[in-house]
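A short write-up of the structure that comes next.
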Amino acid sequence: MAAVRLRRVKEEYGDKVIIGVKSFPLYPGHAPQRLINPHSIEGRRRASEAEEDAKITPWDESLYYPSSSMPALEAAKCAALQGEEAFERYDLAIFEAFFHKSKDISQRDTLLELAETADLDMTKFAADLDEGGQREKVLTDFEEAKSSFGHMVTGVPFVTLEDKYPLVGAMPTEVYRRVVESALNPS
């Protein structure tokens with residue numbers, strides 16, 4: 001999982017690397033009862049084979065895919081209101097729920113369950129989620145990515161270093177290391 005790999009690189013480089021997380025919904029709208037497609041199944045298979053830490057489980061073709069990534073992205077912003085560590089725990093819980101457990105992360109009950117798993121302040125989290133104030137922040141991130149990188153943003157994660165080294169999709173840890181080295185030691 002890219003989040004795990006990026007955090008591993010961050011630990012290796014310490015204060016030389018700052019990971020800023022922006023939201024980019026591939027489906028900013030709402031598409032209920034969206035069946036998983038063969039492209040997604042193949043993408044998950046390739047990703048699970050790419051690195052052993054991927055922990056990606058094939059999605060059951062009889063299940064509906066999440067109707068949108070917006071609820072999970074908004075929920076992650078709500079977790080971030082409780083601090084960086086709370087965000088990191090919640091972010092990892094979302095990735096594991098979606099990629100490893102094939103859970104529908106567009107459902108409020110799932111998002112609340114993940115917040116509890118991540119040991120968040122449940123009263124604050126539920127209130128922030130229900131208030132809906134984080135949606136605008138997600139959409140702002142989305143618009144910034146579109147205006148800065150346009151057609152290059154075709155998948156998630158979309159990672160940039162210093163807003164000039166774009167990487168689309170999960171990459172092996174070594175690729176993240178090479179990009180960080182290029183940014184730290186320009187020739």
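Could you list, in sequence order, all residues of region 60-72 that are open to solvent by 40 Å² or more (accessible area, probe 1.4 Å) and either modelled with pLDDT of 85 or more or of a type outside the set (A, V, I, L, M) (or both)?
Initially, region 60-72 is screened for residues open to solvent by 40 Å² or more (accessible area, probe 1.4 Å), giving 60-64.
Within region 60-72, 60, 61, 62, 64 qualify.
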- Query: Does residue 138 fit the bill of being in a helix (DSSP H, G or I), β-branched (Val, Ile, Thr) and open to solvent by less than 70 Å² (accessible area, probe 1.4 Å)?
  - Reply: yes
- Cross-chain or 6+ apart pairs with Cβ under 7 Å, region 1-29 first and over 20 Å from residue 70 (Cβ atoms) and of a type outside the set (Ser, Thr, Tyr), then modelled with pLDDT under 70 and assigned to a helix (DSSP H, G or I): 1/53; 1/54; 4/53
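Tally the residues that are at negative phi, outside any helix (DSSP H, G or I) and open to solvent by 20 Å² or more (accessible area, probe 1.4 Å), restricting the search to region 113-131. Walk me through it before giving the result.
Taking region 113-131 first, the residues at negative phi are 113-118, 120-131.
When the remaining residues are screened for being outside any helix (DSSP H, G or I), the result is 118, 120-121.
Then drop every residue that is not open to solvent by 20 Å² or more (accessible area, probe 1.4 Å), which leaves 121.
Here the count works out to 1.
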- Quick one: in region 149-158, of everything that is touching a Pro at 6+ places or on another chain (Cβ under 9 Å) and part of a helix (DSSP H, G or I), which residue is least open to solvent (accessible area, probe 1.4 Å)? 149
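The values are calculated or read from the model by the stated rules, or taken from the named source; none is laboratory data. This one's a predicted model, so the numbers in the text were calculated from it and none came from an experiment. Positions of Cβ are generated from backbone atoms using ideal geometry, with glycine treated the same way; all protein chains shown enter the neighbour counts. The area values use the complete protein model at the heavy-atom level, side chains included, leaving out ligands, DNA and RNA. Shrake-Rupley method; radii C 1.70, N 1.55, O 1.52, S 1.80 Å.
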